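What follows is a short report on a single structure.
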Amino acid sequence: MPERDLALLTDAARDAGRIALRYWRREPKVWDKGGEHGPVTEADLAVNDMLKTRLLTARPEYGWLSEETPDDPARLACDHAFIIDPIDGTRAFVAGEETFAHSLAIAQGGRVTAGVVFLPALDKIYVASETSLPLKDGQPIAASQRERLEGADILTTKANLVPEKWPGGVPEIQRHFRASLAYRLCLAAEGRFDGMLTLREAWEWDIAAGSLIAERAGAVVSDRNGSVLRFNTASAKAEGVVVLPRGPHAEAVRRLRSA
């Protein structure tokens, strides 16, 4: 079943890309969702509508969790659930940048079993299932095997490196950034960077697909406390995400926990 689900997600992600590119760099309509939820565009909504119809027609017994659909608690009773971000990196999309992504995943029993991250403007696609190798554009990928946290190249924001968030001391790393959280996870999965982290609460739709891809590529993936990520939860949030090789991951979690 994971392989059939992965094929379904892969085809749907490519179709999502075709829709998104019809709006990209063409001044799509944009609305502010208010609070800390950021912008949404007519492209987000068009992609979401297509994916919801396409995926639930194929798997009507699956639950549905998407950034652009009002949450239905009925998903919590489903054995499987789609976890979807129609466009991750909407601000980048609006700005005409290339690093927005479609993030599509399926969770079963709290674990992601299939995930796809597609960047249509770059024509890059990352895929993995719980039973298959992680691939980028059809080729196997592997995460960094760096042994020390100090000096590591890590994708994160400046806000994640303030001293009050690191009671054990802020690590001396090389900081990098990409707009899409899903893309950051995939860049860590392919070893382009040694890892990524975000210490603020993360929505499941941003991280579900990429976390599986990174895990299958050999990275250690957890929340900021070092706990295993769970999906299709009532809150639909994780307490941050830390993705690093085993040694640096242990050191990062120790520094985050230390009093």
> Does Ala236 meet the test of being at pLDDT below 95, surrounded by fewer than 24 Cβ atoms within 10 Å (Cβ to Cβ) and under 19 Å from Glu36 (Cβ atoms)?
Replying inline: no
> Just one of Arg75, Arg111 is basic (Lys, Arg), in contact (Cβ under 8 Å) with a residue 40 or more places away in the chain, in contact with a strand residue (DSSP E or B) (Cβ under 8 Å, 6 or more places away or on another chain) and under 22 Å from Met1 (Cβ atoms); which is it?
Replying inline: Arg75
>> Given the options Leu65, Leu6, Leu55, name the one that is touching a Lys or Arg at 6+ places or on another chain (Cβ under 6 Å) and not charged (D, E, K, R).
In response: Leu65
> If you go through the range 199-220, how many residues are of a type in the set (A, V, I, L, M) and farther than 18 Å from Arg146 by Cβ?
Replying inline: 7
> When Glu201 is evaluated against the numbered criteria (1) touching a Gly at 6+ places or on another chain (Cβ under 9 Å); (2) under 19 Å from Leu133 (Cα atoms); (3) of a type outside the set (Lys, Arg), which criterion, by number, is the only one it fails?
Replying inline: (2)
> Which ones in the range 64-111 are acidic (Asp, Glu) and over 16 Å from the mean Cα position of the chain (by Cα)?
Replying inline: Asp71, Asp72, Asp79, Glu97, Glu98
> So, of the residues in the range 121-161 that are within 18 Å of Asp5 (Cβ to Cβ) and among the aliphatic types (A, V, I, L, M), which turns out to be surrounded by the most Cβ atoms within 10 Å (Cβ to Cβ)?
Replying inline: Ala128
> Identify, please: which residue in the range 109-120 is of a type outside the set (Val, Ile, Thr) and part of a strand (DSSP E or B) and is, among those, surrounded by the most Cβ atoms within 10 Å (Cβ to Cβ)?
Replying inline: Gly115
>> Six or more apart or on different chains, Cβ atoms under 7 Å: show the pairs whose first residue is in the range 9-35 and within 15 Å of Lys124 (Cα to Cα) and whose second is among the charged types (D, E, K, R) and surrounded by fewer than 16 Cβ atoms within 10 Å (Cβ to Cβ).
In response: Ala12/Arg54
> Within the range 148-169, how many residues turn out to be among the hydrophobic types (A, V, I, L, M, F, W, C), over 16 Å from Gly89 (Cβ atoms) and in contact (Cβ under 8 Å) with a residue 24 or more places away in the chain?
Replying inline: 5
> Is one or more of the residues making up the range 207-222 under 23 Å from Pro163 (Cβ atoms) and at pLDDT 95 or above?
Replying inline: yes
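The values are calculated or read from the model by the stated rules, or taken from the named source; none is laboratory data. Quick caveat: nothing in here was measured; it's all calculated off a predicted structure. FYI the Cβ positions are ideal-geometry reconstructions off the backbone, even for glycines, and counts take in every protein chain you see.
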